[in-house]
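Notes follow the structure.
We did not get these values from a lab; they are worked out from the coordinates using the rules stated. Everything numeric here is computed off the predicted structure, so don't read it as measured data. Here the Cβ is made from the backbone with ideal geometry for all residues, glycine too, and neighbour counts use every protein chain on show.
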Amino acid sequence: MEDTYTTPLARWARFLEIFIPCYMFGKAWGIASEVTVDLYRAVFPPFLINWAETLKGVIPNAGEDMGRLVATSAGAIFGFLVVMLLAIAMHLVLRDRKYIDSLRFTSVTLIPLAVMNGTLSHLTNTLLESLGGGESIEVLTQSALEGPRGQIFMFIAFYMTSIWMFGKRTGVKGWHRWGVILVGIGFLAVYFYSGLMITAAEWEVVLPKLQATLAAH
């Protein structure tokens, strides 16, 4: 007699463990508007924003609600692709399970970074609202360059913790636990190298564009 408790929703739960983190992780790349797109290119890796904008351009847009759905879906598609690639690296280290299980491991442990992306998009929109509200350039510059750092470092710590603890929970043992940590660190390095976080040089370029765009609107 089986002593494992299962429900008809177990398969749906496994699917959602993959779908929800991937969607959350990627949707921030697609929600830039005509006003905020230059700022999003500075905050996130610009090629991801460009890909999402290209995809949004080929999908018919009908109304505000449909536009919002198209925008988040465009970013989420690339979120899925990135997570699937990361899962391949995780799978090569884990070795003892099917790829779909490695994909679940990757997506669940990525939840802190998915929340981080959402937080950065919120901070980006708040920064633009502050610019339109008459804040001084000095205050805005400090908010743009220093504000996200504490949030990012906190979510990175959560990400490393989630890999370690979820690895223990799912039976990852020995050097494999350290291996997935190294894969996570490598992914973070690539993400930062690709253009995560706005730099002082980027801010000097994007600030006049934002001021001109706001003035035009």
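What the table shows:
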quantity	calculated
Relative exposure of HIS91, HIS176, judged by other C-beta atoms within 10 Å (fewest first)	HIS176, HIS91
Pairwise FRET efficiency - LYS173 versus ASN50, Cβ, R0 = 41 Å, nearest 0.05	0.50
Cβ-Cβ FRET estimate between ASP101 and TYR193, R0 fixed at 35 Å, reported to 0.05	0.75
Listed candidates (i) 57, 45, 28; (ii) 70, 38, 25; (iii) 62, 61, 39 - label of the one calculated as Cα extents along the principal axes in Å	(ii)
Vicinal HN-Hα couplings computed from phi for the range 106-122 (Karplus, 6.51 cos²θ - 1.76 cosθ + 1.60; Hz; Gly/Pro x)	5, 5, 5, 5, 7, 3, x, 6, 5, 5, 4, 4, x, 5, 5, 5, 5
Vicinal HN-Hα couplings computed from phi for the range 142-147 (Karplus, 6.51 cos²θ - 1.76 cosθ + 1.60; Hz; Gly/Pro x)	5, 5, 5, 8, 9, x
Highest-fluctuation residue, ALA200, ALA76, ALA114 considered, GNM on the chain with Cα pairs under 10 Å	ALA200
Packing rank of 204-215, 36-47, 19-30, where each peptide gets the mean count of other beta carbons within 10 Å, highest leading	19-30, 36-47, 204-215
Selected from GLY167, GLY195, GLY57 as most flexible by GNM, with the chain as the system and alpha-carbon contacts under 10 Å	GLY57
